[in-house]
Amino acid sequence: MALTVGYEVDEGVAVLSLQNPPVNALGIALRRDLLAAFETALADRSVRVIVLIGQGKLFCAGGDISEFGKPFKAPWVPELFNTVEQSTKPVIAAIHGAALGGGMELALACHYRVCEARARIGFPEVSLGLLPGAGGTQRAPRLCGAETALELMITGKSVAAGSGAARVFFDLIVKEGLREAAMTFAQRLVEKGLPVRRTRDARNGLKDAAAYQTAIAKWRKRLGKGGAEAPGEILRCVEAAALLPFDVGMAFERAAFDTLEQSETSRALRHVFFAENKVAKIPEAKAGHARALEQIGVIGGGTRGAGLVALSLMAGFEVVLVEKDAPSLARALTRLRRLLDRAVSRGQLSALRRDGIEALLHGKTDMVALSEADLVIVAAGGDALEQGQIFAQLDAVVKDGAVLASASPFADIGALAERTGCAEDVLGLHFSLPTQMSDLVEVAVGPASGADAVVTATTFARKLGKVPVRVLGVPGRIGGRLMAAYQAAADRLVMSGALPQEVDRAMRRWGMALGPYQLADVMGLERVLARQEECGHDRRVALLRALIKDGRLGRKTSKGWYRYDADGGRVDPEVAAMIASLRGQTGGGSFPDESDIQRLCLAAMANEGARMVEEGHVMRPGDIDVAMIRGFAFPRWRGGPMQAADSAGLLSLRNLLRTCAQDGDAFWRPVNLLDDLIKNGRHFSDLNG
């Protein structure tokens, strides 16, 4: 096995280079090699100074996340970093690209730090429900104080090494020539006879005790009560850095890290990390090649279409927008300009770029204008017949090799492909709304979709800054089907005795940003009804139809499940009366409590997800989790519905579904995959590969 740490000596300077691509992660092999290299350098009398540098694109991106939650293997990261800090010879960290998490902690354990100005530093552990567990919460505050340390660790955001308060971590910042600068710095240490300078002994960040405690108090107030676990533990550890001896503080940090590492939240967040990496692994990638994309065509300038045009323009593509007539085109262009102006106000687009970006846009009313487009997205067509007609027309217009995509979540990709002579170039691209804010693009693969078209579509989505998730071209895709199941479960709970506001409150407390009825009012009840019908939940929508018949269409009409005024939404007694009337016709039911509501809604989503896995519509349960988190506001810290089901216990959820199905309602019937997993002692996570 090749060594992951290079070793060379140049004029009394031992250069230890991290060589563990792609990100120089601190896995077991690198740790062992680094320790061996240090021991060699310390034993070599000709070595006066040690320089630690990274090869490749960055210094070090931190620990090997696959090792988290497992028994540690020596050398343990905190002990290794203590060995570095306790070196009797000066150790210099030479940083380029990025030093993140454990990589930054390694740099802090060194005695001196030289850095490229454009390098990024940070502590992203909080995104995994963790804290810097190898001395970061104890060493960093000793250099930068509590405010900067907490800002970096609680937000998890990286910053440029040469900016603002981050400069305090570095002895020398250079624009280029990092290795040469580090070697010169090392020689200067030798010439001046400068000693080791251990960060554990630093006091600059602790000098102003009042400012330190003010920062602690400010962040404690900002975090409030009942928030996520990791930020609170970070706060306590940084506070301990000013109160406890270093070694005691390290033990305090380690105990907090171990507690977080075993928490359900951290397990869920680590699951999401791996799921988001795996979602890019699609079968088409092996044989397919991304085609060149320069001009994008969009048919339809409504809410979704205008959003697609704006995103494409901001990504640097030339765009042809086609509408059915001049008035429709004028409205679409007005809608687009508002989106671009909003992007400027949010800092997503500079005013300078905004002024010139429309030069890339061509508004037309004839599909012939799409003859040179490399990718055409159909965001118009209200039903299958109209979409089919559009695709048939496109087939006669577009050039060979152009990819044709439907933006509708309910389009039958196979049927659309049959209307063309290029079935291998037809697929679906469903952008979750709001298009500019949501991260998700569901890439719907039809029975004849070719590998090149799929790879081209996923590449396009990434260029727009989106996360593409592959799914077979089933109605509703992933998000629509699971959200329809969620709504169907909520409707059954309401008919069983719960009130809409009780279901909403229970699901908000569970972690959802909005309850299902609040979300329905935002979406519009007509859209919700269409989704329920398309996804096969049309048997129990009498209440929804009654609301629509009464003119209750959601927030846009100031009344839906709730009534809306200038002060927001409030419970509407008329809705409660309609519910009571329908319950009287159906016999009503029991009164579910908050826990029942939460478990049944989760069970419904997980059961629908299991059905999609069982039927081969998605490749992995983790893909469902990514789609729901990225596109449908599922709480990330829950890990997605499939991970949350694993955490809740598949046996418990299966038994709950069986109990609900006893009255003959097939909606609650568990899918066979659940039985198979339980019988074999497995979980959804075991199917992620």
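The values are calculated or read from the model by the stated rules, or taken from the named source; none is laboratory data. In this text the structure is predicted, and so the values were computed from the model without any measurement. For neighbour counting, all protein chains shown are included, and Cβ atoms are generated from backbone atoms with ideal geometry for every residue, glycine included.
Odds and ends about this structure:
- Filtering region 208-263 to residues that are more than 26 Å from the chain's Cα centre (by Cα), within 23 Å of Glu105 (Cβ to Cβ) and not hydrophobic (A, V, I, L, M, F, W, C) leaves Tyr212, Arg236, Glu239, Pro245, Asp247, Gly249, Glu253, Arg254.
- Only one entry in Ala275, Ala217, Ala230 is in contact with an Asp or Glu (Cβ under 6 Å, 6 or more places away or on another chain) and either touching a residue at least 12 places away in the same chain (Cβ under 8 Å) or more than 17 Å from Glu125 (Cβ to Cβ) (or both), namely Ala275.
- Evaluation of Asp374 against the conditions (1) in contact (Cβ under 8 Å) with a residue 40 or more places away in the chain; (2) within 18 Å of Arg335 (Cα to Cα) shows that the sole unmet condition is (2).
- Any hit, region 242-255, residues being modelled with pLDDT of 95 or more, of a type in the set (Val, Ile, Thr) and surrounded by 19 or more Cβ atoms within 10 Å (Cβ to Cβ): no
- Criterion applied to Leu600, Leu553, Leu547, Leu582 was being surrounded by 13 or more Cβ atoms within 10 Å (Cβ to Cβ) and in contact with an Asp or Glu (Cβ under 7 Å, 6 or more places away or on another chain), and the one residue passing it is Leu553.
- Just one residue in the set Ala392, Ala384, Ala379 is at pLDDT below 90, closer than 30 Å to Ala530 by Cα and surrounded by 12 or more Cβ atoms within 10 Å (Cβ to Cβ); that residue is Ala384.
- Scanning region 624-663 for residues that are within 14 Å of the chain's Cα centre (by Cα) and in a helix (DSSP H, G or I) returns Ile624, Asp625, Val626, Ala627, Met628, Ile629, Arg630, Gly631, Arg636, Trp637, Arg638.
- Set Gly63, Gly54, Gly97: member being modelled with pLDDT under 95, touching a Leu at 6+ places or on another chain (Cβ under 6 Å) and not aromatic (Phe, Trp, Tyr): Gly63
- Hey, Val319 outside any helix (DSSP H, G or I), surrounded by 13 or more Cβ atoms within 10 Å (Cβ to Cβ) and either out of contact with any Cys (no Cβ under 9 Å at 6 or more places or on another chain) or free of Cβ contacts under 8 Å to residues at least 60 places away in the same chain (or both) or not: yes
- The one condition in (1) surrounded by fewer than 22 Cβ atoms within 10 Å (Cβ to Cβ); (2) part of a helix (DSSP H, G or I) that Met104 fails to fulfil: (1)
- Set Arg462, Arg508: member being assigned by TED's automatic domain parsing to the domain that holds Tyr564, among the basic types (Lys, Arg) and free of Cβ contacts under 8 Å to residues at least 40 places away in the same chain: Arg508
- All told, Thr88 meets the bar of being part of a loop (DSSP other than H, G, I, E, B) and either among the aromatic types (Phe, Trp, Tyr) or over 23 Å from the mean Cα position of the chain (by Cα) (or both).
- Of all residue pairs spaced 6 or more apart or on separate chains, those with beta-carbon atoms under 6 Å, a first member in region 517-529 that is within 16 Å of Ile579 (Cα to Cα) and a second member that is modelled with pLDDT of 95 or more and among the acidic types (Asp, Glu) are Tyr517/Asp504.
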